[in-house]
Amino acid sequence: MRLSEFQRAVADEFGDVYGASVVRDVVLDGLNDRTAKQALDDGVDARQVWEALCSGMDVPKERWYGVGRLDPRSKH
């Protein structure tokens, strides 16, 4: 997962404003008591951060995979 895909996935799941807050403020056990931002800044893979964020925020598993990617059929 690329960082841009992570950012899209966060926005899609949590919204732009709340998503930014979640990434910046929520400390996650799955990231060794770091926020998603701290983990990304420390070089943790975006997919690992996304999965820890999903787990920590109780996102249903069916929404963990394949998010953040652009639909190749759409024109963005």
Check: Does V10 satisfy the criteria of being of a type in the set (V, I, T) and closer than 15 Å to Y65 by Cα?
Finding: yes
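Output the residue which, of all residues in region 6-32 that are acidic (D, E) and over 18 Å from P60 (Cβ atoms), is farthest from the chain's Cα centre (by Cα).
The first filter runs over region 6-32 and keeps only residues acidic (D, E), leaving 12-13, 16, 25, 29.
This time we only want the ones that are over 18 Å from P60 (Cβ atoms), so: 16, 25, 29.
Values: D16: 12, D25: 13, D29: 15 Å.
It comes out as D29.
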Note to self: Step by step: first the residues of region 51-71, then only those that are over 16 Å from L28 (Cα atoms) and buried (at least 17 other Cβ atoms within 10 Å of the Cβ), then the one that is modelled with the highest pLDDT. Which residue is that?
What the structure shows: V67
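Quick check on region 1-39: of everything there that is hydrophobic (A, V, I, L, M, F, W, C) and either touching a residue at least 60 places away in the same chain (Cβ under 8 Å) or part of a loop (DSSP other than H, G, I, E, B) (or both), which residue is surrounded by the most Cβ atoms within 10 Å (Cβ to Cβ)?
Across region 1-39, the extreme among qualifying residues is F6.
The values are calculated or read from the model by the stated rules, or taken from the named source; none is laboratory data. All of these numbers come straight from a predicted model, not from anything done at the bench. Ideal geometry is used to build each Cβ from the backbone, glycine not excepted, and the neighbour counts take in all protein chains shown.
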